[in-house]
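Written below as structure tokens is the structure these notes are about.
The values are calculated or read from the model by the stated rules, or taken from the named source; none is laboratory data. Values in this document were obtained by computation on a predicted structure and should not be read as measured data. Here the Cβ is made from the backbone with ideal geometry for all residues, glycine too, and neighbour counts use every protein chain on show.
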Amino acid sequence: MLLITCPICGPRPEIEFRNMGEAHIARPTPEGTSDDDMAAFLYLRSNPKGLIAERWRHVHGCARFFNAVRHTVTDKFVTVYEVGAPKPDLAALAADLAADLAAREAGR
Amino acid sequence: MSQTFRRPEGGRIKRNKPVAFRFDGRALTGYEGDTLASALLANGVHLVGRSFKYHRPRGILTAGAEEPNALVTVSRDAARSTPNLRATQVEIYEGMTAESQNRWPSLAFDASAVNDLLSPIFVSGFYYKTFMWPAKFWTSVYEPRIRAAAGLGKAPELPDPDRYQSRFAHCDVLVIGAGPAGLAAALAAMESGARVILCDEQAEMGGSLLSDPDVTIEGQSGRQWSTDVIMALALSDRVTCLTRTTAFGYFADNFVALAERITDHMATPPASSPRERLWQVRAKQVVIATGALERPLVFPENDRPGILFADAARTYLNRYGVMAGRKTVVATACDSAYLAALDLHRAGVEVPAILDIRREGGALTAAARAAGIRVETGATVTGTRGRLRVASVEFGHVQADGSVRHDAVLPCDSLLMSGGWTPTLHMFSQSRGKLRYEEVTGRYLPGRSAEHERSAGACNGTMALGAVLDEGYAAGENAARAAGLATRGTKTFAVAGATTPDGQVLGALPHDRNPGRVKAFVDFQHDVTAKDIKLAVREGFRSIEHVKRYTTTGMATDQGKTSNMNALAIAAGALDKPIPAVGLTTFRMPYTPTTFGIFANTSRGDLFDPVRRTSTHDWAAAAGAEFENVGMWKRAWYFPRQGESMHAAVDRECRTVRAAVGIFDASTLGKIEVVGPDAAEFMHRIYVNPFLKLEVGRCRYGIMCRDDGFVYDDGVVGRIAADRFHVTTTTGGAPRVLSHMEDYLQTEWTDLKVWLTSTTEQWAVIAVQGPKAREAIAPLIEGIDLSKAAMPHMSVRMGTILGVPCRLFRMSFTGELGFEINVPAAYGKAIWEAVHARVVALGGCPYGTEAMHVLRAEKGYIIVGQDTDGTVTPDEAGVGWAVGKSKPDFVGKRGLARADLLKPGRTQLVGLATVDPKVVLEEGAQITPDADPAPRTHAIGHVTSAYHSAVLGRSIALAMVERGRSRLGETLHVPMPGGAIAVTVVDPVFYDKEGGRLDP
């Protein structure tokens, strides 16, 4: 069971949380949004192999929504941040992870 | 005479505490501290089971968790019977009853042993190749017979009467395994002040030190050193020591599951104690010290009873004072078997020869010869004889060209073998750590970690005792430091008298026999031989994962603990590839078989799933109500009178509501209190309806969509104050509606000052519906003018009922004059009883959810989730009038405007009247234009609700039909197995179309 760090409560077990899908998908205004843009907002998600920014809710704790960057292969949480904070640079985070991994490989 | 193979002294058993037990009905004795295996061996019993496929006689092979052969059923009574236990792990207790498995009529004479003679046809993939047709025979004939013939023990048929418990635990350092490495690690972690959990699967901690009489650590005997360390750990209030506790699963973020067996070793378990406890441990750091497992040698007929692992025999001798035989041949590729031979020799056991496959022998070859033991190097076993127990060993020498020249026959009553040691990687691999292959030693070892753990000792490939202790201590120190504690640094242990078990062989050994006929077993539990694996490769299987599934090697309950490396080496040899290129199969939890009881734990019976009851539940039960499950709720379904059928009861309840008055418990409806200066703006945005102008004291039927424009939930909303709304949701929708609201509030409209609170369980809701509803409640209500003028339809008032504060809604889900009385839940039953008395006095009655459904369907009121399915817009559901057309935005506004949702031809809610009024349609049934549609005809809709209406004297139905509202009067058909049912499309409002009854 994952240990997820709620930005408000601290580390808590996965069963206290609910995944709420990909983060930073802006809700369009009714005016001036094409059907294709609306379909993309409703249905299209990135589904990457690697880092993804996601919405989570500490539903059985403080009940707050927050965002997190998680690695979809290892399930490791890289960072958590509050709603409204800018999206982290996923490429930079991925590079950090790769450098960390290389350092550990070299260290053994 | 009993226990003839027990030495007069030695071992850690309690000789002053004899224990009587039964094996296959035979009365035997052992001592407290014995396992079933050691006690059987003490009595000279080697034959303990029949093999899975060929029903070959099998004996005790190992002394631990890896045992593939000695599987037994231990029973206390008919319900407390546990099959497939490893006799090497079962501790005997006074009166224990154990049975062997997979034999009929008896262990010594098993009728199915004929399979062994037929073995040329039982090759790899035999079932896939043979039982191909007729296909229907598979489930009816083949599978039941195969299962009966190739079986494990039988599970008891009675419910498990034992209790199981669960505990969550947190620690700085979890140490898995309490052998030398684990003890040293726990010691280091304890000395740093860390909170430590140390677990070991055995009854006694100490691991290999328990069976080694020779070593000294820090000047003490190994056993004394371990005893002192265990004592120090046990006395520390920061260390939890768990024996009989298997770490069976390693999950993400250092979440490790432990199974503690509490009472299985007791003759009379105390009634107060659970049988097992599940520990769910979250550790900051983990030290894996799970040791290594010995491997068999793969030579012909290596499976007879009396053939066992060399180190197991040493354990039986030194820890239990038991000799595996009196005349013991030793075959080995590893130095550790010499230790067994020397200990047995010292104990007076005749050792005719040590057969060392290594041409030069090993570190102890000279010592063995000096002790007077014959050692043949470059020698291997080419076959064995003996029906129910090994009686002789044939051996030969390996020639320079790899062939084997037969040499001699050695009579014996036991044969020890050692192919070397396999590090126990299960925990590391389960943690998603990456394995690496060490070419020089031919072993897989822990590689890159995925979790905060480190391996120490034999599981990390470190075999010399001194190095094991140093590495264990360093691992414990490192773990404590990583957990944030100050440590004292590393430590070096002074060790003497230890022998490093060097040397190993992988795969099948050469021999001079007909390779097509002899059986050299690789996987003992699943009866897989070297030639089965070679055959699989010949038939084209390349991946070890496929070879595994085709031959079933490593797929038994032991998960190939003793067989995987040999199978891999044989497959690699046949494929002519290096071992790492063939790959290793996945390690999965549980490490050893784990009871269902510990997983089910307390979630059984009444505690299986939470049940929600309303405050009138007991009253309704006493009134004879039948209940239905709605989500977790128990709702009164209908209230049958003496001898009344459901149909009759529902008809009566419906008629009574329409003619007089009915009382209904609506407490399960979800309720959310929406409060704050921006509450009205929030409601205005989250619902499709306009809410800004709703007056205080008025109600509105709200429809909620998602942003895709599809109906998500509905319910009546009352405005209690300018900044306060009382929202109701569907019974099943309450949690997701609150989450949906919170989502928009917290992430989309962070500018709004609104607070949401679930009040579902705080309010009891009593619906009073019918022409006499006002008359029924009027005498009980204080502070509210109930007159038509003062309290119109869809209004809410605050007052008291019998002195209890209430929110009184005037609303209707039946089409009749109606009120819903909300009172604090604690008063629900009392108020219900008072209102019920009034209702009954006026000729009314209580009604249940079934009558509620019929009454609302007569009025064409939808139920979200029954008449809608997540693809229906408000307009299609017939409630398009609710949508606030002039609002600049609301959740679903843009979604509803999508071109595809505006296309003609989408389904719309209509009523259906069957041509035959007695026929009630089936909910979910498809609707077609033709009575006898051609195959693959597209259905134009489906029935969503269908009931018999007592007041209309006919059946009614609601349906979603393509262009439904343009089809009024059309005849459509509902094809059913018994023939199509003709229906007429009608308006969904069947009763009181003008709505006069709502507001008389």
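So, restricting to strands (runs of 3 or more DSSP E) that lie completely within segment B:400-456, which ones have at least 2 residues that are farther than 18 Å from B:ALA181 by Cα? Step through it out loud before you land on a result.
Working: elements: B:404-411, B:414-418, B:421-423, B:435-438, B:443-446, B:453-455.
Once the strands (runs of 3 or more DSSP E) in segment B:400-456 are filtered for at least 2 residues that are farther than 18 Å from B:ALA181 by Cα, what remains is B:404-411, B:414-418, B:435-438, B:443-446.
Of the numbered conditions (1) within 14 Å of chain A (Cβ to nearest Cβ); (2) crowded, with 18+ Cβ neighbours inside 10 Å; (3) polar (S, T, N, Q), B:THR871 fails exactly one; give the number of that condition.
(2)
When you check B:LEU738 against the structure, is it within 11 Å of another protein chain (Cβ to nearest Cβ), of a type outside the set (Asp, Glu) and in contact with a helix residue (DSSP H, G or I) (Cβ under 8 Å, 6 or more places away or on another chain), yes or no? Give the steps one after another, and end with the answer.
Details: within 11 Å of another protein chain (Cβ to nearest Cβ): yes; of a type outside the set (Asp, Glu): yes; in contact with a helix residue (DSSP H, G or I) (Cβ under 8 Å, 6 or more places away or on another chain): no.
Against the criterion (within 11 Å of another protein chain (Cβ to nearest Cβ), of a type outside the set (Asp, Glu) and in contact with a helix residue (DSSP H, G or I) (Cβ under 8 Å, 6 or more places away or on another chain)), B:LEU738 does not qualify.
Considering only segment B:898-916, state which residues are touching a residue at least 40 places away in the same chain (Cβ under 8 Å) and either within 14 Å of chain A (Cβ to nearest Cβ) or among the acidic types (Asp, Glu) (or both). Even if it seems obvious, please write down each step before you answer.
Taking segment B:898-916 as the starting set, the residues that turn out to be touching a residue at least 40 places away in the same chain (Cβ under 8 Å) are B:898, B:901, B:904-916.
Once the filter is applied, which keeps residues that are touching a residue at least 40 places away in the same chain (Cβ under 8 Å) and either within 14 Å of chain A (Cβ to nearest Cβ) or among the acidic types (Asp, Glu) (or both), segment B:898-916 yields B:ARG898, B:LEU901, B:ASP916.
Checking B:ALA113 against (1) within 30 Å of B:THR290 (Cα to Cα); (2) surrounded by fewer than 22 Cβ atoms within 10 Å (Cβ to Cβ); (3) touching a strand residue (DSSP E or B) at 6+ places or on another chain (Cβ under 8 Å); (4) in contact (Cβ under 8 Å) with a residue 24 or more places away in the chain, only one condition comes out false. Which one?
That leaves (1) as the condition not met.
Any chance segment B:35-49 includes a residue that's over 17 Å from B:PHE309 (Cβ atoms), free of Cβ contacts under 8 Å to residues at least 24 places away in the same chain and more than 35 Å from the chain's Cα centre (by Cα)?
Yes, that holds for at least one residue.
Can you spot a residue in segment B:965-985 that is closer than 21 Å to B:LEU817 by Cβ and touching a helix residue (DSSP H, G or I) at 6+ places or on another chain (Cβ under 8 Å)?
Taking segment B:965-985 first, the residues closer than 21 Å to B:LEU817 by Cβ are none.
Looking for residues that are closer than 21 Å to B:LEU817 by Cβ and touching a helix residue (DSSP H, G or I) at 6+ places or on another chain (Cβ under 8 Å), one finds none in segment B:965-985, hence no.
Output the residues belonging to segment B:551-573 that are crowded, with 20+ Cβ neighbours inside 10 Å and part of a helix (DSSP H, G or I).
Residues satisfying the conditions are B:THR551, B:ASN564, B:MET565, B:ASN566, B:ALA567, B:LEU568, B:ALA569, B:ILE570, B:ALA571, B:ALA572.
Each row is one residue, and each column tells you yes or no for (1) more than 29 Å from B:GLY59 (Cα to Cα); (2) without any contact (Cβ under 8 Å) to a residue 24 or more places away in the chain.
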{"position": "B:GLY540", "(1), (2)": "yes, yes"}
{"position": "B:THR552", "(1), (2)": "no, no"}
{"position": "B:MET565", "(1), (2)": "no, no"}
{"position": "B:ALA574", "(1), (2)": "yes, no"}
{"position": "B:PRO580", "(1), (2)": "yes, no"}
{"position": "B:TYR591", "(1), (2)": "no, no"}
{"position": "B:THR595", "(1), (2)": "no, no"}
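Of the conditions (1) within 27 Å of B:LEU855 (Cα to Cα); (2) within 41 Å of the chain's Cα centre (by Cα); (3) of a type in the set (D, E, K, R); (4) not in a helix (DSSP H, G or I), B:GLU644 fails just one. Which one is it?
Unmet condition: (2).
Going by the structure shown, is B:ASP889 in contact (Cβ under 8 Å) with a residue 60 or more places away in the chain and either within 14 Å of chain A (Cβ to nearest Cβ) or buried (at least 17 other Cβ atoms within 10 Å of the Cβ) (or both)?
On the way: in contact (Cβ under 8 Å) with a residue 60 or more places away in the chain: yes; either within 14 Å of chain A (Cβ to nearest Cβ) or buried (at least 17 other Cβ atoms within 10 Å of the Cβ) (or both): yes.
It is true that B:ASP889 is in contact (Cβ under 8 Å) with a residue 60 or more places away in the chain and either within 14 Å of chain A (Cβ to nearest Cβ) or buried (at least 17 other Cβ atoms within 10 Å of the Cβ) (or both).
Against the definition (part of a loop (DSSP other than H, G, I, E, B) and within 14 Å of chain A (Cβ to nearest Cβ)), how does B:VAL919 come out, yes or no?
Numbers: part of a loop (DSSP other than H, G, I, E, B): yes; within 14 Å of chain A (Cβ to nearest Cβ): no.
No.
Taking the stated definitions as given, is B:ARG894 part of a helix (DSSP H, G or I), of a type outside the set (A, V, I, L, M, F, W, C) and within 14 Å of another protein chain (Cβ to nearest Cβ)? Show your work before the answer.
Values: part of a helix (DSSP H, G or I): yes; of a type outside the set (A, V, I, L, M, F, W, C): yes; within 14 Å of another protein chain (Cβ to nearest Cβ): yes.
It is true that B:ARG894 is part of a helix (DSSP H, G or I), of a type outside the set (A, V, I, L, M, F, W, C) and within 14 Å of another protein chain (Cβ to nearest Cβ).
Do you know which residues across segment A:10-47 are of a type outside the set (Phe, Trp, Tyr), farther than 30 Å from B:LYS887 by Cα and surrounded by 14 or more Cβ atoms within 10 Å (Cβ to Cβ)? Explain how you work it out, then say what you get.
Keep residues of segment A:10-47 that are of a type outside the set (Phe, Trp, Tyr), which gives A:10-16, A:18-40, A:42, A:44-47.
Among the residues that remain, those that are also farther than 30 Å from B:LYS887 by Cα are: A:10-16, A:18-19, A:46-47.
Result: A:ARG12, A:PRO13, A:GLU14, A:GLU16, A:ARG18.
Does segment B:427-444 contain any residue that is within 35 Å of the chain's Cα centre (by Cα), under 30 Å from B:ARG389 (Cα atoms) and among the aromatic types (Phe, Trp, Tyr)?
Scanning segment B:427-444, I find no residue that is within 35 Å of the chain's Cα centre (by Cα), under 30 Å from B:ARG389 (Cα atoms) and among the aromatic types (Phe, Trp, Tyr), so the answer is no.
Restricting the search to segment B:70-94, which residues are closer than 19 Å to B:VAL322 by Cα and in a loop (DSSP other than H, G, I, E, B)? I'd like the intermediate steps shown before the answer.
Quick first cut of segment B:70-94, residues closer than 19 Å to B:VAL322 by Cα only: B:70, B:86-93.
Within segment B:70-94, B:ALA70, B:ALA87, B:THR88, B:GLN89, B:VAL90, B:ILE92, B:TYR93 meet the criteria.
Being more than 50 Å from the chain's Cα centre (by Cα) and not in a strand (DSSP E or B) is the filter here, so list the residues in segment B:381-399 that pass it.
B:GLN399
For segment B:426-438, enumerate the residues that are in contact (Cβ under 8 Å) with a residue 24 or more places away in the chain and more than 12 Å from chain A (Cβ to nearest Cβ).
Within segment B:426-438, B:HIS426, B:MET427, B:PHE428, B:SER429, B:GLN430, B:LEU435, B:TYR437 meet the criteria.
With B:ALA189, B:ALA194 as the choices, which residue is in contact with a Gly (Cβ under 6 Å, 6 or more places away or on another chain) and touching a residue at least 40 places away in the same chain (Cβ under 8 Å)? Give the derivation first.
On the way: B:ALA194 fails: in contact with a Gly (Cβ under 6 Å, 6 or more places away or on another chain).
Matching residue, one of B:ALA189, B:ALA194: B:ALA189.
Where residues in segment A:85-104 are small (Gly, Ala, Ser) and surrounded by 11 or more Cβ atoms within 10 Å (Cβ to Cβ), which of them is nearest to the other protein chains (Cβ to nearest Cβ)? Working first, answer last.
First, the residues of segment A:85-104 that are small (Gly, Ala, Ser): A:85, A:91-92, A:94-95, A:98-99, A:102-103.
Now drop any that are not surrounded by 11 or more Cβ atoms within 10 Å (Cβ to Cβ), which leaves A:85, A:94-95.
Details: A:ALA85: 12, A:ALA94: 17, A:ALA95: 19 Å.
Checking each candidate, the answer is A:ALA85.
Checking A:ASN19 against (1) of a type outside the set (D, E, K, R); (2) within 21 Å of B:ARG282 (Cβ to Cβ); (3) within 11 Å of chain B (Cβ to nearest Cβ), only one condition comes out false. Which one?
(3)
Name the residue that is surrounded by the most Cβ atoms within 10 Å (Cβ to Cβ), counting only residues in segment B:835-854 that are in contact with a helix residue (DSSP H, G or I) (Cβ under 6 Å, 6 or more places away or on another chain), among the aliphatic types (A, V, I, L, M) and in a helix (DSSP H, G or I).
Only one residue fits best here, namely B:ALA851.
Would you mind stating whether B:THR245 is within 27 Å of B:ALA479 (Cβ to Cβ), away from chain A (no Cβ under 14 Å), without any contact (Cβ under 8 Å) to a residue 60 or more places away in the chain and surrounded by 23 or more Cβ atoms within 10 Å (Cβ to Cβ)?
Working: within 27 Å of B:ALA479 (Cβ to Cβ): yes; away from chain A (no Cβ under 14 Å): yes; without any contact (Cβ under 8 Å) to a residue 60 or more places away in the chain: yes; surrounded by 23 or more Cβ atoms within 10 Å (Cβ to Cβ): yes.
Judged against the criteria, B:THR245 is a match.
Listed here are the residues, each with its yes/no results for (1) farther than 27 Å from B:ALA496 by Cβ; (2) surrounded by fewer than 23 Cβ atoms within 10 Å (Cβ to Cβ).
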position	(1), (2)
B:PRO411	yes, yes
B:HIS426	yes, no
B:ARG436	yes, yes
B:GLU439	yes, yes
B:TYR473	no, no
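Has segment B:760-770 got at least one residue that is within 12 Å of chain A (Cβ to nearest Cβ) and either assigned to a helix (DSSP H, G or I) or farther than 25 Å from A:ARG27 by Cβ (or both)?
From segment B:760-770, those within 12 Å of chain A (Cβ to nearest Cβ) are none; that's our starting set.
So far as segment B:760-770 goes, no, none of its residues is within 12 Å of chain A (Cβ to nearest Cβ) and either assigned to a helix (DSSP H, G or I) or farther than 25 Å from A:ARG27 by Cβ (or both).
When you go through B:ALA648, B:ALA620, B:ALA625, B:ALA680 one by one, which is the residue that is without any contact (Cβ under 8 Å) to a residue 60 or more places away in the chain and not assigned by TED's automatic domain parsing to the domain that holds B:VAL716? Full working, then the answer.
Values: B:ALA620 fails: without any contact (Cβ under 8 Å) to a residue 60 or more places away in the chain; B:ALA625 fails: without any contact (Cβ under 8 Å) to a residue 60 or more places away in the chain; B:ALA680 fails: not assigned by TED's automatic domain parsing to the domain that holds B:VAL716.
That would be B:ALA648, the only listed residue that is without any contact (Cβ under 8 Å) to a residue 60 or more places away in the chain and not assigned by TED's automatic domain parsing to the domain that holds B:VAL716.
Would you mind finding the one in A:ARG27, A:ARG55, A:ARG45 that is touching a strand residue (DSSP E or B) at 6+ places or on another chain (Cβ under 8 Å), at the interface with another protein chain (Cβ under 8 Å from one of its Cβ atoms) and not aliphatic (A, V, I, L, M)?
Details: A:ARG27 fails: touching a strand residue (DSSP E or B) at 6+ places or on another chain (Cβ under 8 Å); A:ARG45 fails: at the interface with another protein chain (Cβ under 8 Å from one of its Cβ atoms).
From the options A:ARG27, A:ARG55, A:ARG45, the qualifying one is A:ARG55.
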